[in-house]
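To start, the structure under review is shown below, and the notes come after it.
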Amino acid sequence: MYEPPPPYDDRVRFLEDRFACAQSCTECARACAVLVSSAELGTVPPTGHGPARPVPAEPPASAESPHGLRRALLLCVEVCDATCRLLSEETLQDEYALRLQVEWCRAVALECAHVCDRSPDTADCAEQCRACARACTAFLAMLD
């Protein structure tokens, strides 16, 4: 059965929301990657209040340790990067698969923000993750 194309304004809004979501995913992935790389180098990235400082050399005490943070950050980098690549493709895509990927990205970004909230040094990353989740939510609303 033939379906007429959506009105021009709806198509433009779809593309704008899709681009905003992809851009936000990229920024979230970048913020998380910076934290992971700085942890591997033994420094905490600057927060805008002076230079980077050494990370205290304490053994991990629990799942909420730096290792738990690192795992959350790495997962967020991977999922946000994959979501951005999917959203940036120009080919026609299965809407169901696209929706699943964006929903997964939103969930992972929110979880990463929650983990980042436990440390004042990761507040900027937590905010980037929340912005990514908001952009994913807006894009999902556009799909409905």
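A short reminder: the numbers here are calculations on the coordinates, not readings from a lab. As the structure is a prediction and not an experimental result, all values here were calculated from the model. Cβ atoms come from the backbone with ideal geometry, glycine included; neighbour counts cover every protein chain shown.
Laid out as a table, the results:
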{"read-out": "Debye intensity ratio in log₁₀ form over the Cα atoms of the range 83-144, taken at each q of 0.19, 0.28 Å⁻¹", "value": "-0.69, -1.12"}
{"read-out": "Sequence-separation-based contact order of the range 99-144, relative, with Cα cut under 8 Å and 6+ spacing, percent", "value": "48"}
{"read-out": "A123-L74 FRET efficiency (beta carbon distance; Förster radius 30 Å; 0.05 resolution)", "value": "0.95"}
{"read-out": "Surrounding net charge for C28, when Lys and Arg each add one and Asp and Glu each subtract one, Cβ distance under 13 Å", "value": "-2"}
